[in-house]
Amino acid sequence: MRPHDWLRAASRDTLAPSRNRPLEMTGPRAKPPRQPDSCRRIAAALSLAVALSACETLAPPPPATAPTASIAALYLQPAERSLVEGIRLYEEASFDRAETALRAALDGGLADPRDRAVAYKYIAFIACAFDRMAECEASFRSAFAADPAFALTDTEIGHPLWGPVYRRIAAEQRRQ
């Protein structure tokens, strides 16, 4: 066999069509033969995608949230304005004036029970800070009476003055 005879033989064997199989291309641009059920797989995947996207549109809409009052409208109401003022004064450490404003808010008839609970909460904080423990406990009880779901934040519960008082009153409320 001469040096290049093997190349001719290889070319003849790979390029000549066979009676049993069609001519196949080889090399980097060759495409694999298409399998007969690959079209079915693609169709099934597309059908599944369409069906799943239809399920998303059939889901019920989220529940509508209750309309909230405008802050400007609430601020025009004397009790709500006193609550906001009382919280602001508390944050500024003007505790006597804060307590007066918070009590005015309660006396003015806060409409929302959660607002009444917040007013009582700040009054309880002030009472505990000035060592008026009976008043502190009474204010926390009033907060729970105004709003049974009343709860302090973790940071507020961890406070060394009113945290223990709150935990005791909250435990009493759970037992009732």
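Return a whole-number percent for the relative contact order of the range 75-175, with Cα pairs under 8 Å and 6 or more residues apart as the contact set. After rounding, I find 20 percent.
Order these peptides, 72-83, 165-176, 138-149, by their mean beta-carbon neighbour count within 10 angstrom, highest first.
Numbers: 72-83: 15.5, 165-176: 13.6, 138-149: 18.3.
The peptides rank, most packed first, as 138-149, 72-83, 165-176.
Working ranking of peptides 85-98, 120-133 by packing, defined as the average number of other Cβ atoms within 10 Å per residue, highest first, is 120-133, 85-98.
A Förster radius of 35 Å, combined with the Cβ-Cβ distance separating Glu92 from Ala149, puts the computed FRET efficiency at roughly 0.75. A straight chain from Glu135 to His159 at 0.36 nm per residue would run longer than the Cα-Cα distance by 6.9 nm. Computed from label points 7 Å out along Cα-Cβ, the spacing between Arg41 and Ala111 is 6.4 nm.
Every number here is computed from the coordinates shown, using simple stated rules; none is lab data. Because the structure is predicted, anything quoted here is derived from the model rather than measured. We place every Cβ from the backbone using ideal geometry, glycine too, and count neighbours over all the protein chains shown.
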